[in-house]
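First up is the structure itself, then whatever we jot down about it.
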Amino acid sequence: MKTDPNAYYAGGLGVELYDLFTGGGLLSGDVEFYLESARRFGGPILELGTGTGRVLIPLAREGHEVVGLDLSRPMLNLAAAKLREHPELTNRVRLVEGDMTRFSLEQRFALALVPARSFQHVVTPEGQRMALSCIRQHLIPGGHLILDLFDPNFELFFGDINEVSPREARHPGSGHVVRRTVVARHADAFRQTVHEALRFEELDTGGNVLACEETSWSLRWNTRQETAYLLELTGYEVVDQYSDFNRSPPDYGREQLWVARAR
Ligand SMILES: C[S@@+](CC[C@H](N)C(=O)[O-])C[C@H]1O[C@@H](n2cnc3c(N)ncnc32)[C@H](O)[C@@H]1O
């Protein structure tokens, strides 16, 4: 199946409602984790796949100089709109439209972050290797990388648990209930990719559907040892690894949260 791994980020309700549905579940506490890491490792900071600035803006608010790179203009537009509300941050934030597998910035960074599984939208092993090498070239000697992936849950991809309950939230602008449903999932065991079709609906107080859109994305899963080898191959030494943002030890089917240092 040939699909665009990033169709989701091309615009529409998925982008508009992105922040409402990101940051819970296995990602709980991630922003605080990145803030603590930034206090520990310092800046300047490079965030790859910065999206709507969900992580970038809190970092800038703590006084860090941050560059956010993303492939999606609609996601960057949302980050830029948020930054217009905080003019005091503009002199320490730069948003760059670009591809994490091939980018070139004049600057070098003390810390690079790839939060919320953005790295997994790079769906080929070659692309993933290129991204880590390119990030490595943008780190100062001894600089750090924090990479967050999901650890593959094979029961979810190939077992019986196919339905995921719809999630609902309240739209901060209209006050309407908005619902996000994973309507289909296809896992490709050979390519190590999972493709999801998602539906977004906006409902009025009577439960009538006012707007409905479907979109999709694909992510590539890496086994834990594969990620460890990939980091080693591209010039990093693993410092810490966790299965969540409370620093729990590595575990099956949870997060693969890596802290690595440029060798
Ligand atoms: C799950 S969102 C994460 C956004 C943000 N970092 C956060 O934590 O909320 C993934 C982001 O990665 C971006 N992305 C996907 N592939 C990319 C690539 N090759 N280079 C740069 N950004 C990419 C998408 O456009 C999207 O904004």
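Values computed for the structure shown
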item: Single residue of 196, 201 found to be part of a strand (DSSP E or B) and either over 28 Å from residue 126 (Cβ atoms) or touching a residue at least 24 places away in the same chain (Cβ under 8 Å) (or both); result: 201
item: Total residues in the range 194-218, condition open to solvent by less than 20 Å² (accessible area, probe 1.4 Å) and not small (Gly, Ala, Ser); result: 4
item: Boolean, residue 36 is closer than 24 Å to residue 240 by Cα, open to solvent by 60 Å² or more (accessible area, probe 1.4 Å) and at pLDDT 95 or above; result: yes
item: Filtered residue count, the range 228-249, keeping only those that are in contact (Cβ under 8 Å) with a residue 40 or more places away in the chain and at negative phi; result: 10
item: Residue 129 vs. criteria in the same structural domain as residue 249 (by TED's automatic domain parsing), under 30 Å from residue 231 (Cβ atoms) and in contact with a Gly (Cβ under 6 Å, 6 or more places away or on another chain); result: no
item: Answer residue from the range 39-88, given it is among the polar types (S, T, N, Q) and within 15 Å of the chain's Cα centre (by Cα) and is surrounded by the most Cβ atoms within 10 Å (Cβ to Cβ) among those; result: 50
item: Members of the range 147-169 found to be among the charged types (D, E, K, R) and without any contact (Cβ under 8 Å) to a residue 40 or more places away in the chain, listed by number; result: 160, 163, 168
item: Search result, residues across the range 64-89 that are assigned to a helix (DSSP H, G or I) and touching a residue at least 40 places away in the same chain (Cβ under 8 Å); result: 74, 75, 78
item: Complete set of residues in the range 90-112 that are more than 9 Å from the ligand (Cβ to nearest atom), open to solvent by less than 80 Å² (accessible area, probe 1.4 Å) and part of a strand (DSSP E or B); result: 93, 95, 96, 109, 110, 111, 112
item: Among (1) in contact with a Cys (Cβ under 9 Å, 6 or more places away or on another chain); (2) over 21 Å from residue 133 (Cα atoms); (3) among the β-branched types (Val, Ile, Thr) - the single one residue 101 does not satisfy; result: (2)
item: Criterion (polar (S, T, N, Q), within 13 Å of the ligand (Cβ to nearest atom) and not assigned by TED's automatic domain parsing to the domain that holds residue 173) met by exactly one of 72, 37; result: 72
item: Residue, farthest from the ligand (Cβ to nearest atom), within the range 40-53, restricted to residues that are farther than 17 Å from residue 94 by Cβ and touching a residue at least 40 places away in the same chain (Cβ under 8 Å); result: 42
item: Selection from the range 135-149 of residues that are crowded, with 20+ Cβ neighbours inside 10 Å and either under 11 Å from residue 235 (Cα atoms) or more than 9 Å from the ligand (Cβ to nearest atom) (or both); result: 135, 138, 139, 143, 144, 145, 146, 147, 149
item: Total residues in the range 107-135, condition under 15 Å from residue 43 (Cα atoms) and of a type in the set (D, E, K, R); result: 1
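The values are calculated or read from the model by the stated rules, or taken from the named source; none is laboratory data. Remember, predicted model here, so these are calculated numbers, not experimental data. FYI the Cβ positions are ideal-geometry reconstructions off the backbone, even for glycines, and counts take in every protein chain you see. Protein only, heavy atoms only, side chains kept; ligands, DNA and RNA dropped before computing areas. Shrake-Rupley method; radii C 1.70, N 1.55, O 1.52, S 1.80 Å.
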